Amino acid sequence: MPRAGLGMAAATFVVDQLTKIAVTDGLKLNELTAAREITSFFNLRFVANHGVSLGLLRADSDMQRWVLVAFTAAIAVAVAVWMTREKARADQIALGAVLGGALGNILDRMRLGYVVDFADLHFGDWRPFLIFNVADAAITLGVVVLLVRALLMRDKRGDLPENPNA
């Protein structure tokens, strides 16, 4: 079993849920107009996200919500299976981050009907990202690590055919 990947998934899930509770319950940022300035470029701002990345696949009805839960759960299962078959520890950890983030957002959608987003990084009026949460950040970082490793760090031993005359 990929202990490092499972540990990362569990840690990501727990940190995601704890930060959402801290923001919505602890800081009382639990309505659409609620916000708190942390720095000149970072705010905490409550957003009830009814869609997935970039607001795509918006679930405006109960049926759409549960279809989205089923769809994202199927992806989470695929990631979990991939993680159990993956040999590289770094890839297991990256997949664990993706899995933990997915599970955190799935729990929100099941429990609340939407995903709690709160992290608002901005530079003046320019926002390089939509408002996000720990789960979103973990998913993004996990995917970036997987892509970088796949594209830049592959094992070169099998890339060239052997030359028996050498």
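General observations
- Residue that is outside any helix (DSSP H, G or I), open to solvent by less than 20 Å² (accessible area, probe 1.4 Å) and among the hydrophobic types (A, V, I, L, M, F, W, C), where the choices are A59, A97, A76: A59
- Of the residues in region 79-94, none is touching a strand residue (DSSP E or B) at 6+ places or on another chain (Cβ under 8 Å) and without any contact (Cβ under 8 Å) to a residue 24 or more places away in the chain.
- For region 120-132, the set of residues classified as without any contact (Cβ under 8 Å) to a residue 24 or more places away in the chain and open to solvent by 60 Å² or more (accessible area, probe 1.4 Å) consists of D125, W126, R127, F129, listed by residue number.
- Extreme residue, modelled with the lowest pLDDT, among residues of region 120-166 that are assigned to a strand (DSSP E or B) and out of contact with any Lys or Arg (no Cβ under 8 Å at 6 or more places or on another chain): W126
- Residues within region 74-84 that are within 17 Å of G104 (Cβ to Cβ) and in contact with a Leu (Cβ under 9 Å, 6 or more places away or on another chain), tallied: 4
- Residue within region 86-105 that is more than 14 Å from the chain's Cα centre (by Cα) and small (G, A, S) present: yes
- When V23 is tested against (1) in contact (Cβ under 8 Å) with a residue 60 or more places away in the chain; (2) loosely packed, with under 13 Cβ neighbours inside 10 Å, just one condition goes unmet, and that condition is (2).
- Within the option set Q64, Q17, being part of a helix (DSSP H, G or I) and closer than 29 Å to D125 by Cα holds for one residue only, Q17.
- Pick from region 100-119, criterion part of a helix (DSSP H, G or I) and farther than 22 Å from L6 by Cβ, ranking: most open to solvent (accessible area, probe 1.4 Å): R111
- Checked against (1) surrounded by 14 or more Cβ atoms within 10 Å (Cβ to Cβ); (2) over 21 Å from A119 (Cα atoms), L29 passes all but a single condition, namely (2).
- Meets criteria (open to solvent by 50 Å² or more (accessible area, probe 1.4 Å), touching a residue at least 12 places away in the same chain (Cβ under 8 Å), within 23 Å of F118 (Cα to Cα) and acidic (D, E)) for E37: no
The values are calculated or read from the model by the stated rules, or taken from the named source; none is laboratory data. Source: prediction; values computed, not measured. All Cβ positions, glycine included, derive from the backbone under ideal geometry; neighbour counts span all protein chains shown. For the accessible areas, the whole protein counts, side chains as well, though only heavy atoms, and no ligand, DNA or RNA atoms are used. Shrake-Rupley method; radii C 1.70, N 1.55, O 1.52, S 1.80 Å.
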